[in-house]
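What follows is a set of notes on a single structure, which appears directly below.
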Amino acid sequence: MAKKIFPGKPMPWPGRSAACPQAAQITIHRGTNEIGANCVEITHEFTRILVDAGSSLDGSPTSLPDDIGEYSAVLISHGHQDHYGLIKDIPKDLPIYIGDVAWDFMQSLRIFTGKSPLPSRQRTRLEAGKTISIGVIAVTPYMVDHSSPESFGFLIEANGKTIYYSGDFRAHGRKSRSFNYLCSHLPKGIDAMLLEGTMVRRNNAEFANESAVEEGMVDAIKNEPSLVCLSCSAQNIDRMVTAYRAAKKCGRVLVLDIYSAWILRIAQKLSKNIPDLKWSGVRVLSHNKAASGQYQKMKQQKEYFNDFVQELYHPDNELWEKDLHNSPSKYVLKLGDYWVAHIIKSLESSTVIYSQWTGYLDRNTPTFNEYAAALKELPGVKFKAIHTSGHITSSDLERFVAETKPKRIIPIHTEHKEEFHRLFPQTVVLDDEEMFDIT
C-alpha cells in the first residue's frame with residue numbers, strides 16, 4: 001500500500017535521453033570512484049528522486065545537483081555523513097524520507113559538534129516494507145544489517161523495471177538475519193542493482209563478525225588489571241552492545257561520555273535491549289572537562305534533551321574522573337580519543353581497544369595525530385585493534401548476487417569498481433554523472 005504520494009514536477013531538465021524517453025534512468029552523480037559521497041538520481045518521465053546526499057569522507061568538496069529544486073523527493077538510506085552530509089543544502093520544501101533514529105543521530109551530532117540543529121521541515125519516516133509512491137516511481141525500503149542502526153536498501157520500481165540500491169550493508173553484524181531476509185525476499189532478476197563495494201579489496205578475517213569482536217574484547221579486558229578504554233563510534237550501536245556485553249562478562253561497568261549516553265537513549269526507540277543509562281552496568285563520566293563542554297552544548301538546546309540532563313547527574317548514574325583513578329579495574333571507559341589519552345597518562349597500566357577501521361589512524365588530521373602521539377609516550381599502554389567492518393565482504397557479495405540473480409550490477413561506494421568484473425560478469429561500470437537507461 002502506498003504511504004504518501006508526491007507527484008513529479010512536469011518540467012524538462014538537461015541531459016535527459018532523447019533516444020529512450022520512456023526508460024527509467026540512473027545517474028550516479030557521485031560515488032562510482034570513492035567510498036562515500038553517495039548521490040544517485042533515479043528518473044522516469046517527470047519524476048526524479050535523489051537517493052542519498054552524502055558528503056565526502058576525505059573532506060573534498062561535494063555538492064548537490066545544481067537543479068536540486070526540481071526533484072520530487074530525497075531518500076536517505078542511513079545516518080552516516082557520507083550518505084546524508086549534504087542534507088542541509090536540500091530545499092526546505094523538498095520532501096525527505098529518512099528513519100527517525102537516523103534523523104535524531106544527525107541532529108545530535110550537529111549539536112555536540114557545536115552546530116545548530118536543522119530546522120523542522122517536510123520529513124517522512126521510512127519504514128521497512130512500506131512502499132512509498134513518488135510520482136510514477138514506487139520505493140520499498142528494506143532493513144539491512146549495517147554499523148549504523150535503521151539502515152535501508154531501496155527497491156525502486158519504474159516503467160515496469162526494478163532497481164535495487166543496496167546502501168551500506170553486511171551479513172556479519174548483530175542484525176545478520178536481515179541479510180538472510182533480503183536474499184530470500186528481494187525479487188529475483190532485478191533489472192539493475194547498485195551494489196556497494198567497500199570491501200572488495202579488504203580483509204575482514206581477524207574478527208569476522210560482531211561475536212568475534214566481543215570475544216576479543218573479553219580477552220583484552222580479562223588480561224588488563226587496570227583501566228580499559230574503548231575507542232569507537234557511539235553511533236555504532238552493534239559495537240556499543242558488544243562493549244556492554246564484554247564489560248558485563250568481565251564484571252566491569254561500562255562508563256560513557258555524555259554524548260554516547262544520549263545516543264544510546266535515542267537508540268532505545270529501536271529496541272529496549274540496547275544498553276541505557278538506567279541500567280546498573282552503565283555509568284556516565286559527567287564530571288571532567290570533556291563532560292563540561294558537552295553539558296554546555298546540551299544547555300543551549302534544553303528543549304531537545306528534556307529531562308535527560310537531570311538523569312545524567314543522578315547519584316546512581318554519575319561518575320567522577322577520580323573514581324576511574326581510584327578503582328580503574330572496575331571500569332571500561334568509552335570516551336573521545338583525546339580524553340582517553342589524558343586520563344590514562346597517570347596510570348601505570350591500561351589497555352586501549354581501538355574498534356574502528358585502522359585506516360583512520362593513518363589520516364593526517366590533528367585528532368588522530370595527537371591521539372597516536374599521546375599513546376606512544378605512555379609505555380604502560382597496551383593497544384588492541386579489535387574491529388569488524390560495517391560493510392559486506394566479497395564472499396557475502398557473491399552469495400547475495402547468487403541468490404538474487406540481478407540482470408545488471410552497477411558498482412558504487414568503492415575505490416575499486418573494476419574488481420566487480422572479476423566477481424560478476426553482468427557488471428556495468430559507470431562514471432560519475434554518466435546516465436544509464438534501464439530498458
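The values are calculated or read from the model by the stated rules, or taken from the named source; none is laboratory data. Because the structure is predicted, anything quoted here is derived from the model rather than measured. All Cβ positions, glycine included, derive from the backbone under ideal geometry; neighbour counts span all protein chains shown. The area values use the complete protein model at the heavy-atom level, side chains included, leaving out ligands, DNA and RNA. Shrake-Rupley method; radii C 1.70, N 1.55, O 1.52, S 1.80 Å.
Considering only the stretch 365-439, give the strands (runs of 3 or more DSSP E) lying wholly within it that have at least 3 residues that are at pLDDT 95 or above and under 26 Å from the mean Cα position of the chain (by Cα).
Fully inside the stretch 365-439 and qualifying: 409-412.
Select, from Ala205, Ala192, the only residue that is under 25 Å from His416 (Cα atoms), open to solvent by 50 Å² or more (accessible area, probe 1.4 Å) and out of contact with any helix residue (DSSP H, G or I) (no Cβ under 8 Å at 6 or more places or on another chain).
Working: Ala192 fails: open to solvent by 50 Å² or more (accessible area, probe 1.4 Å).
Residue meeting the stated conditions: Ala205.
Quick one: count up the residues across the stretch 131-183 that are closer than 23 Å to Ser271 by Cβ, open to solvent by 30 Å² or more (accessible area, probe 1.4 Å) and touching an Asp or Glu at 6+ places or on another chain (Cβ under 9 Å).
5
Determine the pairs where a residue that is farther than 14 Å from Glu196 by Cβ and among the basic types (Lys, Arg), located within the stretch 399-411, has a partner that is open to solvent by 10 Å² or more (accessible area, probe 1.4 Å) and part of a strand (DSSP E or B) with Cβ atoms under 8 Å apart, the partner being 6 or more residues away or on another chain.
Sorted first by the residue in the stretch 399-411, then by its partner, the pairs are Arg408/Thr427.
Note down all Cβ pairs under 7 Å where the first residue falls in the stretch 183-205 and is more than 25 Å from Ile438 (Cα to Cα) and modelled with pLDDT of 95 or more, the second is hydroxyl-bearing (Ser, Thr, Tyr) and open to solvent by 10 Å² or more (accessible area, probe 1.4 Å), and they're at least six residues apart or on different chains.
Here the result reads Met199/Ser389; Met199/Thr393; Met199/Ser394; Val200/Ser394, each pair linking the stretch 183-205 to a residue that is hydroxyl-bearing (Ser, Thr, Tyr) and open to solvent by 10 Å² or more (accessible area, probe 1.4 Å).
With a cut-off of at least 1 residues that are free of Cβ contacts under 8 Å to residues at least 60 places away in the same chain, out of contact with any helix residue (DSSP H, G or I) (no Cβ under 8 Å at 6 or more places or on another chain) and over 27 Å from Thr388 (Cβ atoms), name the strands (runs of 3 or more DSSP E) lying wholly within the stretch 88-171.
The qualifying strands (runs of 3 or more DSSP E) are 96-98, 137-144, 151-158, 161-165.
May I ask you to list pairs of residues, at least six apart or on different chains, whose Cβ atoms are under 8 Å apart, with the first in the stretch 63-75 being more than 10 Å from Pro91 (Cα to Cα) and the second being assigned to a helix (DSSP H, G or I)?
Note: pairs meeting the criteria are Ser63/Asp89; Leu64/Asp89; Val74/Ile87.
Condition check ((1) over 21 Å from Ala291 (Cα atoms); (2) touching a residue at least 12 places away in the same chain (Cβ under 8 Å); (3) in contact with a strand residue (DSSP E or B) (Cβ under 6 Å, 6 or more places away or on another chain); (4) open to solvent by 10 Å² or more (accessible area, probe 1.4 Å)) across all residues:
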| position | (1), (2), (3), (4) |
| --- | --- |
| Asn223 | yes, yes, no, yes |
| Met240 | no, yes, no, no |
| Arg245 | yes, yes, no, yes |
| Lys248 | yes, yes, no, yes |
| Ser260 | no, yes, yes, no |
| Leu264 | no, yes, no, no |
| Leu270 | yes, yes, no, yes |
